[in-house]
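Colleague: Mind having a look at this structure? Questions to follow.
Nothing in this text is a laboratory measurement; each read-out follows from the coordinates by a stated rule. Just so it is clear, the structure is predicted and the values come from calculations on it, not from any experiment. Glycine also receives a Cβ, built like all others from the backbone with ideal geometry; neighbour counts cover every protein chain displayed.
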Amino acid sequence: MTANRPAVKLLCDEMLARLGRYLRAAGYDGERRVLVVELASGTFEYPGVSADTYRRLMASSSPWSFYRDHIDEEFPAKRVR
């Protein structure tokens, strides 16, 4: 992993497809407690997100709605790409 790339865990194609049109992919760095999301508009890091919040995002029936309501509105974002 290079210093300028986010620590995103690779997801299977099925999971990528399930996340939807706007929320393309998500990964979690448990050591740093950072959620990384790839949106249609870019890639963002959200520090301070718990592993439980990440699990709930990935298990949600509507990941985009969960992201907007529980992550984007609650945690500061840092654009990384």
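Colleague: Might you report the magnitude of the Cβ-based charge dipole of region 42-81 about its Cα centre, with Lys and Arg at +1 and Asp and Glu at -1, to the nearest 20 debye? Spell out each step's value before the answer.
Modeller: Details: 6 positive and 6 negative charges, 41 e Å.
My answer is approximately 200 debye.
Colleague: Ok, one more. Take the Cβ-Cβ distance between Arg68 and Ala25 as r, set R0 to 25 Å, and report the resulting FRET efficiency rounded to the nearest 0.05.
Modeller: Plugging the Cβ-Cβ distance into 1/(1 + (r/R0)^6) gives 0.95.
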